[in-house]
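Right, one structure below, let's go through it.
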Amino acid sequence: MAWFSFLAALIPLDGYGHYLHWGVINISVANFIVIVLMVVTFIAALLLPFPGRNRRKESK
Amino acid sequence: MSSKAFRPDVDAPEWKGGHSPYDIIKEGTIALVVVGLLTVILATLFGAPDDHEITIKNWANAAPTDFAMTAINEMNGTTTTAGYGAPYNTASDGQKLGPLTLAKWVGVRIPINTEQDFVLGPLESLPYNAQLSSALSTWKSASTSQQTTWVNNYTKADSTMTFKNGQIAVNASNAGPVPVFINDLTAMARSGALDTALVQGGNFFSMDYTKPLLFLSDGGYLAQLAEKQHLLGSQWGMMNETNSYPGQAWLWLYTFWYQVSPFSTSANADVQVWATMMLLSVILLFLPLIPGLRAIPRKVKVYRLIWREHYRN
């Protein structure tokens, strides 16, 4: 119905998915992106300094 | 008094350094706001998967001969459901783990006689129709061996099945009332009445779709649609979502086992994969008690990266 078309997604993902194959591994591009983002978040959590670190240093 | 030796795998040294204040409420609030905003932004950008449900009505209209072929197979007992064993019937031992007949031990909890529940029962629920009523009477008054002969004769000829002008036709001889059953069941399915007849409970709020789902999965139509969407078990389907949406990536290990031998070729893959995952879960649960494995974090030293400032000093 047209009246709720404003609720439609700006970037619709309704087309058939794309898949990556490496031997036995078969993964959708969408899942691959999510996994890469999780790994990047994990590495960032390891490497980025804790927020407020300088404040704590000064107060010591 | 002798003190016990320090065991690096098990013991933690007493902390003698300073302490920093930590506001868990503030951190929780920030996390809630950030995740809430991300949810709204991502939902606005990408929406959510919203595929229409697949019904028996869709199936019988899109592929009437596949439906009719499945219906005769429900009568001759050659579908997956008919031969599955527990919890639906006693046709086989069901899923086994070596000598352990796990499914059989659970027993027939959802009894399904595919011939009666998927074909004859729904036909009996239709409003009066002289031809169908006569066919059902003929069936009921026949001996079991006569019924089997009729079904087998129809099955032998099912390669000649055609669908024309809304009718299923098969060039079968001595098939008794079976052609009427299959044709009327197909018409019933195409009208949507079979979807309603197969839902258990018989009231408006019933949510038990076991029978229609089993019937659908016995045919070729559902598998064909699933294959297009990469949702089959052999396509890592457990971790995929419809269309281009990300799916359940965290199920990668569970679905991985289905892709490799011996699970990929085993008739008991479901219970074997479940048992493998249970074993790995138990190992994870008791990790702090397993020498060698529990030393991995200490040896890998990722903690030194997190607390690098402390270790630098």
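Key figures for this structure:
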{"read-out": "Subset of the range B:86-137 [polar (S, T, N, Q) and either under 16 Å from residue B:218 (Cβ atoms) or surrounded by 15 or more Cβ atoms within 10 Å (Cβ to Cβ) (or both)]", "value": "B:89, B:92, B:95, B:101, B:113, B:114, B:116"}
{"read-out": "Test: residue in the range B:50-58 that is of a type outside the set (Asp, Glu) and more than 19 Å from the chain's Cα centre (by Cα)", "value": "yes"}
{"read-out": "Those residues of the range B:243-258 which are within 20 Å of residue A:13 (Cβ to Cβ), more than 8 Å from every other protein chain (Cβ to nearest Cβ) and outside any helix (DSSP H, G or I), in sequence order", "value": "B:248"}
{"read-out": "All helices (runs of 4 or more DSSP H) inside the range B:124-196 with 1 or more residues being more than 18 Å from residue B:74 (Cα to Cα) and modelled with pLDDT under 95", "value": "B:130-141"}
{"read-out": "Looking only at the range A:15-26, and only at residues there that are within 7 Å of another protein chain (Cβ to nearest Cβ) and assigned to a strand (DSSP E or B), the one that is farthest from residue B:48 (Cα to Cα)", "value": "A:26"}
{"read-out": "Given (1) part of a helix (DSSP H, G or I); (2) within 14 Å of chain A (Cβ to nearest Cβ); (3) of a type in the set (Asp, Glu), index of the condition residue B:270 fails", "value": "(2)"}
{"read-out": "Exclusive hit being over 26 Å from residue A:17 (Cβ atoms), assigned to a loop (DSSP other than H, G, I, E, B), at pLDDT 90 or above and not aromatic (Phe, Trp, Tyr), set B:206, B:261, B:281", "value": "B:261"}
{"read-out": "Failed condition for residue B:312, given (1) more than 11 Å from chain A (Cβ to nearest Cβ); (2) surrounded by 11 or more Cβ atoms within 10 Å (Cβ to Cβ)", "value": "(2)"}
{"read-out": "Within the range B:44-57, considering residues that are touching a residue at least 24 places away in the same chain (Cβ under 8 Å) and part of a helix (DSSP H, G or I), the one farthest from residue B:165 (Cα to Cα)", "value": "B:46"}
{"read-out": "The range B:228-242 - residue that is assigned to a helix (DSSP H, G or I) and within 10 Å of chain A (Cβ to nearest Cβ) and, of those, nearest to residue A:36 (Cα to Cα)", "value": "B:239"}
{"read-out": "Index of the failed condition, residue B:307 passing every other in (1) free of Cβ contacts under 8 Å to residues at least 60 places away in the same chain; (2) over 30 Å from residue B:18 (Cα atoms); (3) not hydroxyl-bearing (Ser, Thr, Tyr)", "value": "(2)"}
{"read-out": "Filter result for residue B:225 (farther than 19 Å from residue B:120 by Cα and either modelled with pLDDT of 95 or more or not in a loop (DSSP other than H, G, I, E, B) (or both))", "value": "yes"}
{"read-out": "Check on residue B:41, in a loop (DSSP other than H, G, I, E, B), β-branched (Val, Ile, Thr) and farther than 30 Å from residue B:148 by Cβ", "value": "no"}
{"read-out": "Unique match (being basic (Lys, Arg) and loosely packed, with under 14 Cβ neighbours inside 10 Å) among B:228, B:211", "value": "B:228"}
{"read-out": "Residue check, residue B:36 among the small types (Gly, Ala, Ser), touching a residue at least 24 places away in the same chain (Cβ under 8 Å) and more than 10 Å from chain A (Cβ to nearest Cβ)", "value": "no"}
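The values are calculated or read from the model by the stated rules, or taken from the named source; none is laboratory data. What you see is a predicted model, and the numbers here were worked out from it, not measured in a lab. All Cβ positions, glycine included, derive from the backbone under ideal geometry; neighbour counts span all protein chains shown.
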